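*Asks:* Let me give you the structure first, and then I'll get to my questions.
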Amino acid sequence: MHFFEFTEEQTMLRKAVREFVEAEIAPKAAEWDEKDECPVGLFKAMGGIGINGVFVPEQYGGGGMGFVGRSICLEEISRHSAGLGIAMMTHHLGIYPILQYGSEEQKKKYLPDFCSGAKIAGLAVTEPGGGSDFSGQKTLAEKKDGGWVLNGRKCFITNSHIADVTILTAKTGEDEKGRNKLSTFLIEKEAKGFEPGRKEHKLGLRGSVTGDLVLSDVKLAEDALVGKEGAGAKIGMEGIGEVGRAGMSAICVGILRGCVEEAVKFANERIVYGKPIAKLQAIQLEVAKIRTAYEAARLLTYYAASLKDDGKPCSNEVATAKYYSTEAAVEASKRTMDLMGGYGVINEYPVGRFLRDALASIPSGGTSHIMQVIMAANTLSSFQA
Amino acid sequence: MTYNIAVCVKPVPDPKHYDKVTIDPVRKTITRTGIPTLLNPVDKNALEAALQLREQYTGTVTAISMAPPDAGEILREALAIGADEAYLLSDRAFGGADTLATSYTLFHGLKKLEAAKGYRFDFVLCGCESADGATAQVSSQLGEWLGYPHLWNVFSLQEVDSKTFSIKTKLENGYMEWRAQAPLVLGVSRELNKPRFTSVMGIMKAKNKPLQVWGREDLPEAKDEFLGLKGSPTQPGEIFTPDMKRSGKVLAGTPEEIAGRIVTILRANGVVVGG
């Protein structure tokens, strides 16, 4: 028995997504990075083959292949374009609250379009005050005239300028101890007073759009609420903790596989002292370390995703996977660059991009420090061998 | 109009691993152990043509392959891409087949299917050649066995009226245009269409589509002497890996002397120098 084995359908999914990625994404990935352009038009094609809604049940137009299936898609996309990987990851992150907590009307209205690629989703939680201070959010939603009026600003929001629908958390009151009560809202891009603001110029994960969202007296109907009033913290944290971070982990597994493949290719092709450098033991040791990082990240990531598919708690396992995979991707891409010598810093090769993408993956969805705090809390309170 | 279409597909070694392909010097066959297989790329064009016909009209698409047992994987892929059902003809008795024995086996598989379903296939579509053997013979041979008109290297297929199709086939310096009516066997080229990608939804649907394996006993009408190695008149001649070794030689002397010696060496190796 294998500790972790993909099903026949999951293996077919990987093959299918790989074929698509190699034809439609790989040839353009460097250009998207160079120009920092998000290939929005590709969302329809990806929707057509089922990537956009891979984990959404078939009844809502999805593929019904769960979170392991989703991780496979993100790994395959990110093997060539982690920038597009995070755009897709965030699209999934916007879908999840509707799927898990939305009304049946919201599911029927939005999910089929999200799955087909007709609409792009996003999730907006982080504010200038900090993403990790989740309950300290200042964006305010007030009840007025049977609906809601929202004011505030979100920042570092992936898909900020391309999402047709954004799921957004805002303060809707305080509890008896004076702590913020948050709620989750669904906002269509056409909503008056809802505008994308500043667009960030990022080091890595270029080819995805990251920016501000500004809310000025945005009036929403009562049914724009996703889930119950006051459930925003739970909905937001669950999405980020189990879907967002899991996605970042899968993206870094893709980067790590890219490192293995590039290292092997270069080591076999580069001739020094009359033979390929793959014959040199110093190079072999580096290849072994890169491979180990890939295999370990892969196991952690897919194990966490399989827990999610089984409906088991997984925020600690996801945090572990995210912490390891993102840090390992930074280290492995640096190792791959070292192995390549001068060629490693030439942009004709994708390894420099891998390093930039890996570095940008660390703060996305929570920094390594925050992941360690989560893991430490879990370990100190409930670790059992 | 309803069209019942059979698509012949073949597993081939993944071109990314061609560097690992070796030749068995005794059996003179390609050794593929450990090399992943793919659905022959141009067979996907044949499948795409079948799916487009089914979508434009109505009908059925049946994928069929003669291959080792692990070829179930590529038939499952054909189902995921959109075929309605799939049949794998697999038996040791079929092993070692050349194109003639392969087409004969496929012919009997198709005849058995037609008898079981009570209809005749209107189209039998194949890729014009396989990525590994590239003999480009099976579609024409299949047409002969079936007794159907057959065309090879098809790059355009357009309906003229409810019965007649305009079909264009590639030639070295142009193309030929044909008018033909079903039943037809067509060997299609890559230029015919752009195959669709396998979708997640297709993969999930493929789980519940029939994939049947038929062995020697399922084709009782086939004769032993036409099957497998016994039924294969093709005898490969010498097969070898060319020696691509290079060597350098330093020539000393004046430029004129060196040039003269280079010309001598080139001539000795069969290179025509200076007319």
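*Asks:* A:GLU76 fails exactly one of the following numbered conditions: (1) more than 13 Å from chain B (Cβ to nearest Cβ); (2) assigned to a helix (DSSP H, G or I); (3) buried (at least 24 other Cβ atoms within 10 Å of the Cβ). What is the number of that condition?
*Replies:* A:GLU76 satisfies every listed condition except (1).
*Asks:* Pairs, please: C-beta under 6 Å, at least 6 apart or cross-chain, first residue under 17 Å from A:MET89 (Cβ atoms) and in the range A:225-242, second aliphatic (A, V, I, L, M)?
*Replies:* A:GLY236/A:VAL125; A:GLY239/A:LEU93; A:GLU242/A:VAL318
*Asks:* Of everything in the range A:30-57 that's under 26 Å from A:ILE240 (Cβ atoms) and not in a loop (DSSP other than H, G, I, E, B), which residue is farthest from the other protein chains (Cβ to nearest Cβ)?
*Replies:* Ranking the candidates gives A:ASP33 first.
*Asks:* Write out, first by first residue and then by second, each pair whose Cβ atoms fall under 7 Å of each other, whose residues are 6+ apart or on separate chains, and whose first residue, in the range B:209-234, is of a type in the set (D, E, K, R) while the second is in a loop (DSSP other than H, G, I, E, B).
*Replies:* Within 7 Å, the pairs are B:LYS209/B:ASP84; B:ARG216/B:ASP91; B:ASP224/B:LYS230; B:GLU225/B:GLY231.
*Asks:* Further question: Scan (1) polar (S, T, N, Q); (2) farther than 30 Å from B:THR22 by Cα; (3) part of a loop (DSSP other than H, G, I, E, B) for the single condition B:SER166 breaks and write down its number.
*Replies:* Of everything listed in (1) polar (S, T, N, Q); (2) farther than 30 Å from B:THR22 by Cα; (3) part of a loop (DSSP other than H, G, I, E, B), B:SER166 misses just condition (3).
*Asks:* Next question. Condition test on B:GLY202, is it over 21 Å from B:TYR3 (Cα atoms) and either touching a residue at least 40 places away in the same chain (Cβ under 8 Å) or not assigned by TED's automatic domain parsing to the domain that holds B:LEU53 (or both)?
*Replies:* Yes.
*Asks:* Another question about this same structure. Name the one entry in B:LEU88, B:LEU79 that is at pLDDT 95 or above, under 25 Å from B:ILE203 (Cα atoms) and more than 14 Å from every other protein chain (Cβ to nearest Cβ).
*Replies:* Exactly one of B:LEU88, B:LEU79 is at pLDDT 95 or above, under 25 Å from B:ILE203 (Cα atoms) and more than 14 Å from every other protein chain (Cβ to nearest Cβ), namely B:LEU88.
*Asks:* Examine the range B:163-180 for a residue that is acidic (Asp, Glu), at pLDDT 90 or above and closer than 30 Å to B:PRO68 by Cα, and state whether such a residue exists.
*Replies:* Among the residues of the range B:163-180, not one is acidic (Asp, Glu), at pLDDT 90 or above and closer than 30 Å to B:PRO68 by Cα, which makes the answer no.
*Asks:* Against the conditions (1) buried (at least 24 other Cβ atoms within 10 Å of the Cβ); (2) free of Cβ contacts under 8 Å to residues at least 40 places away in the same chain, where does A:GLU190 fall short? Just the number, please.
*Replies:* Failed condition: (1).
*Asks:* On to the next question. If a residue has to be in a strand (DSSP E or B) and in contact with a Lys or Arg (Cβ under 8 Å, 6 or more places away or on another chain) to count, how many in the range A:112-143 make the cut?
*Replies:* Looking only at that region, the number is 3.
*Asks:* Got a number for residues in the range B:172-212 being of a type in the set (S, T, N, Q), within 14 Å of B:GLN158 (Cα to Cα) and exposed (fewer than 14 other Cβ atoms within 10 Å of the Cβ)?
*Replies:* Here the count works out to 1.
*Asks:* For the range B:31-62, how many residues meet the condition of being exposed (fewer than 15 other Cβ atoms within 10 Å of the Cβ), outside any helix (DSSP H, G or I) and at negative phi?
*Replies:* Here the count works out to 5.
*Asks:* Give me the helices (runs of 4 or more DSSP H) completely within the range A:264-369, filtered to those with at least 1 residues that are modelled with pLDDT of 95 or more and over 23 Å from A:LEU203 (Cβ atoms), ordered by residue number.
*Replies:* It comes to A:281-309, A:315-340.
*Asks:* Quick one: B:THR135 ticks every box in (1) within 20 Å of B:VAL12 (Cα to Cα); (2) buried (at least 17 other Cβ atoms within 10 Å of the Cβ) except a single one, so which number is it?
*Replies:* (2)
The values are calculated or read from the model by the stated rules, or taken from the named source; none is laboratory data. Everything numeric in this text was worked out from a predicted model, so none of it was measured. Glycine also receives a Cβ, built like all others from the backbone with ideal geometry; neighbour counts cover every protein chain displayed.
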